[in-house]
Amino acid sequence: MVPAVVPEAVSAVGSAVGSAVGSGEGADRGRGVSGVSSPAALAALLDAHAYLAGEGLATACFLALKMGRPLFLEGEAGVGKTELAKTLAAVLGAPLIRLQCYEGLDAAQALYDWDFARQLLHLKAAEATGATGAAEAARLEGELYDRRFLIARPLLRALETRPAVLLVDEIDRADDEFEAFLLEVLSDFSISIPELGTVRAAEPPVVVVTSNRTRDVHDALKRRCLYHWLEHPPFEREVAILLRRLPACSEALAAQVAAAAGRLRSAGLVKPPGVAETLDWAGALLTLGARDHLDPGLAAATLGALLKYREDQQTVLANGLLRHA
Amino acid sequence: MVGFARTLRAAGVPADHERTQAMLEAAVHLGAADREAVYWAGRLTMCAGPDDLPRYDRCFAAYFGGDRPGPGRPAPVVTVVRHTLAPDGDGSSGDASREALAATAGRTEVLRHRDVARMTPAELAEVHRMIGLLRARREPRRSRRFAPSTRGRLDPRRTMRETLRRGGEIARLRRRSRRVRPRRVVLLVDVSGSMAPYADTLLRFAHALVRCEPRATEVFSVGTRLTRVTPALRHRDPGAAMREVSAAVPDWRGGTRLGEELKRFLDSGSTARGAIVVIASDGWERGDPSLLGRQMARLSRLAHRVVWANPHKGHEGYEPLTGGMRAALPYVGAFVAGHSLAAFEELAERLSHA
């Protein structure tokens, strides 16, 4: 980064950016979870927000909070990576700031951008009121790089908000150049804006990075993070998740739905259902009036909530995989 | 723990110094007293991908004893026997005189169309050297990203910046255009028993492609299990790269389950999306040909182009009669040979212009 800190620019922006500029030592990373002393305690907190985390995931979250490192989550689509970030935000009482990655995402869309239209308007307004003289021009120029002309994109917003949970979703979709850039932001939690100065997070946000492994993420980025591979939940936990999320669901139905989902995951489908799909499916079944058992007719009618490929639906119906084993 | 890190490194887990430090820190936070804490502290900090997890579990069990790791399948230990190539055929690599060069050129011309399976080690070495010189530069495709340019669309950001610098006077319009990048090539090399005479040469071809476009080439070996060998092939020296590949590939000269492997490849993400996918195989499928057919259908919908290189295609009178080959052919964009230097040159050429 270019440490182009112009003193007066910093002071000009000081009031707007507030405590985010300057002081970088967020000594205690307690952020409302200082009472959390173990992974189990954190798991209980997540549980209270209806997210049932396994031992590994709870440990990963616990360490991410204690060590101030980003959490890098990989796993099949629909195992609850994004949901975890949302729940963490709820647990910490912090806003969730989401950066959805896509091919071609660049710094201006992730960090900040100048509001050129407003800057130009400001110039025109100054012109119309007849600003003259060198001193006047210098003042005007300084004003153009005022904080009010800066549009904060997710990364800058995450550094300025305390506390905050930053979700960098599907990093594998962004170009690899973007990773290098993200690495820079995540390693010192500061951004230098040439015209304005360095913005440093008073308290680094909790960062969750997710990837669906459509390509390899660079090792340098992973090294900064705690790495966790999320599996589909085991049968008992999936039942528990269904019961927690869908209070109307009976235990018997939840067990049958989870069992069916488990069977489908080992049936070699194009897209095996994730927890998200199982929840959708159970929801659809409940809406159609399913009570305490998985009615084959209803199951077939709601299959679209669970399986999103025609080939898969045909395979499942042909092999009778929905029937209670 | 430093000793543990060394064990992990030997097993191929990226347990470098930085990660070891992170593990120590994590262990302190978790209260390093029990095994569970140490297990997770290490797993969360040392691993970098799902492939690392079973290796990590094995190392943990071996180093700390007991069997905490549950479903980790022990990887089959495969001893890879490979013939070493003589450095040079006649051993007269002394002075490179003009005659020797001419002789080499003539010999290469003869070798160009010969089947690599019927070559002496010396001839093979010669061909491998030639393959090392192959260049398959790809025709670039436009990306979604913009870069400053002298022509193209207006770049409001840079124009505005310039304008402000000049006190509100629009002096020059700045432009930007789409950046270009080469199209990705994904190569799946069959390393099963029936492909043994060709696998080595095919991997050298893969090495040449990776060397040429390191960021736009992916190589997998296919046999009874899919293995990503791109990192091993990044090695500059072909010999070293081949050694790393043989260490990485567990199913050398085994059977073929193309359908299943292809399914795993397609399930693992969309490496194939928009890429030119080359399958180098003789199509001897031990598994269910209809599964292979279905996966090929998926692949043909995902990939920009599917090329099948079959070494036997170059032989006179070859008919694609095997079940696997017949199931796959309807979804193949180009069916080419892959048995000689000339065939590889042609394939490289095809990849440059696809």
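The values are calculated or read from the model by the stated rules, or taken from the named source; none is laboratory data. Every value quoted in this text rests on a predicted model; they were computed, and no experiment measured them. Cβ coordinates were reconstructed from backbone atoms using ideal geometry, including for glycine residues, and neighbour counts include every protein chain displayed. In case anyone asks, the SASA skips ligands and DNA or RNA and just uses the protein heavy atoms, side chains included. Shrake-Rupley method; radii C 1.70, N 1.55, O 1.52, S 1.80 Å.
Details
- Boolean, residue A:322 is under 27 Å from residue B:295 (Cβ atoms) and outside any helix (DSSP H, G or I): yes
- Summed over segment A:58-85, the residues that are over 15 Å from residue A:186 (Cβ atoms), outside any helix (DSSP H, G or I) and not acidic (Asp, Glu) give a count of 5.
- Answer residue from segment B:124-159, given it is open to solvent by less than 20 Å² (accessible area, probe 1.4 Å) and among the aliphatic types (A, V, I, L, M) and is nearest to residue A:173 (Cα to Cα) among those: B:136
- Residue B:102 being more than 30 Å from residue B:315 (Cβ to Cβ), in a loop (DSSP other than H, G, I, E, B), of a type in the set (A, V, I, L, M) and at pLDDT below 80: no
- Residue list for segment A:128-142, filter: in contact with a Leu (Cβ under 8 Å, 6 or more places away or on another chain) and more than 10 Å from every other protein chain (Cβ to nearest Cβ): A:131
- Conditions (1) surrounded by 22 or more Cβ atoms within 10 Å (Cβ to Cβ); (2) touching a residue at least 60 places away in the same chain (Cβ under 8 Å); (3) outside the structural domain of residue A:64 (by the TED database); (4) of a type outside the set (Gly, Ala, Ser); number of the one not met by residue A:209: (3)
- For segment A:190-205, the condition of being at pLDDT 90 or above and in contact with a helix residue (DSSP H, G or I) (Cβ under 6 Å, 6 or more places away or on another chain) holds for at least one residue.
- Residue A:125 fulfils the conditions (1) within 14 Å of another protein chain (Cβ to nearest Cβ); (2) assigned to a helix (DSSP H, G or I); (3) surrounded by 14 or more Cβ atoms within 10 Å (Cβ to Cβ) except for a single criterion, (3).
- Flag for residue A:222 being touching a Phe, Trp or Tyr at 6+ places or on another chain (Cβ under 7 Å), assigned by the TED database to the domain that holds residue A:46 and either under 27 Å from residue B:260 (Cα atoms) or assigned to a helix (DSSP H, G or I) (or both): yes
- Scanning segment A:34-56 for residues that are closer than 21 Å to residue A:97 by Cβ and open to solvent by 10 Å² or more (accessible area, probe 1.4 Å) gives A:45, A:49, A:51.
- Qualifying residue in segment B:251-271 (condition: more than 14 Å from chain A (Cβ to nearest Cβ), of a type in the set (Lys, Arg) and either surrounded by 19 or more Cβ atoms within 10 Å (Cβ to Cβ) or assigned to a loop (DSSP other than H, G, I, E, B) (or both)): yes
- Residues that are in a loop (DSSP other than H, G, I, E, B) and touching a residue at least 40 places away in the same chain (Cβ under 8 Å) were ranked within segment A:42-51; the one that is nearest to the other protein chains (Cβ to nearest Cβ) is A:49.
- Among the residues making up segment B:160-195, those that are assigned to a helix (DSSP H, G or I), more than 9 Å from every other protein chain (Cβ to nearest Cβ) and crowded, with 16+ Cβ neighbours inside 10 Å are B:162, B:194, B:195.
- Of the listed requirements (1) within 15 Å of residue B:279 (Cα to Cα); (2) open to solvent by 10 Å² or more (accessible area, probe 1.4 Å), residue B:248 misses just one: (1).
- Where helices (runs of 4 or more DSSP H) fall entirely within segment B:1-50, those with at least 1 residues that are touching a residue at least 12 places away in the same chain (Cβ under 8 Å), under 21 Å from residue A:64 (Cβ atoms) and within 7 Å of another protein chain (Cβ to nearest Cβ) are at B:17-30, B:35-46.
- Some residue of segment B:294-306 being open to solvent by less than 20 Å² (accessible area, probe 1.4 Å) and under 21 Å from residue B:196 (Cα atoms): no
- Residues of segment A:299-313 include at least one that is within 14 Å of chain B (Cβ to nearest Cβ), part of a helix (DSSP H, G or I) and either touching a His at 6+ places or on another chain (Cβ under 8 Å) or surrounded by fewer than 17 Cβ atoms within 10 Å (Cβ to Cβ) (or both).
- Taking the listed residues A:177, A:160, A:195, A:184, the one that is touching a Phe, Trp or Tyr at 6+ places or on another chain (Cβ under 9 Å), open to solvent by 20 Å² or more (accessible area, probe 1.4 Å) and either of a type in the set (D, E, K, R) or within 14 Å of chain B (Cβ to nearest Cβ) (or both) is A:195, with no other qualifying.
- In segment A:212-224, residue modelled with the lowest pLDDT [restricted to those that are more than 9 Å from chain B (Cβ to nearest Cβ) and open to solvent by less than 50 Å² (accessible area, probe 1.4 Å)]: A:220
- Flag for residue B:141 being among the basic types (Lys, Arg) and within 33 Å of the chain's Cα centre (by Cα): yes
- Once segment A:129-154 is narrowed to residues that are small (Gly, Ala, Ser) and outside any helix (DSSP H, G or I), the residue that is modelled with the highest pLDDT is A:152.
- Hits in segment A:97-111 (condition: surrounded by fewer than 20 Cβ atoms within 10 Å (Cβ to Cβ) and more than 12 Å from every other protein chain (Cβ to nearest Cβ)): A:98, A:100
- Of the residues making up segment B:199-231, those that are of a type outside the set (Asp, Glu), assigned to a helix (DSSP H, G or I) and either more than 14 Å from every other protein chain (Cβ to nearest Cβ) or closer than 21 Å to residue B:324 by Cα (or both) number 12.
- For segment A:251-269, the condition of being hydrophobic (A, V, I, L, M, F, W, C), within 13 Å of chain B (Cβ to nearest Cβ), at negative phi and touching a helix residue (DSSP H, G or I) at 6+ places or on another chain (Cβ under 8 Å) holds for at least one residue.
- Candidates A:75, A:54, A:80, A:104, filtered to the one that is touching a residue at least 40 places away in the same chain (Cβ under 8 Å) and out of contact with any strand residue (DSSP E or B) (no Cβ under 8 Å at 6 or more places or on another chain): A:54
- Taken as a whole, segment B:288-309 holds at least one residue that is part of a strand (DSSP E or B), charged (D, E, K, R) and touching a residue at least 24 places away in the same chain (Cβ under 8 Å).
- Count of residues meeting criterion [surrounded by fewer than 16 Cβ atoms within 10 Å (Cβ to Cβ) and either at pLDDT 90 or above or under 12 Å from residue B:7 (Cα atoms) (or both)] in segment B:37-60: 0
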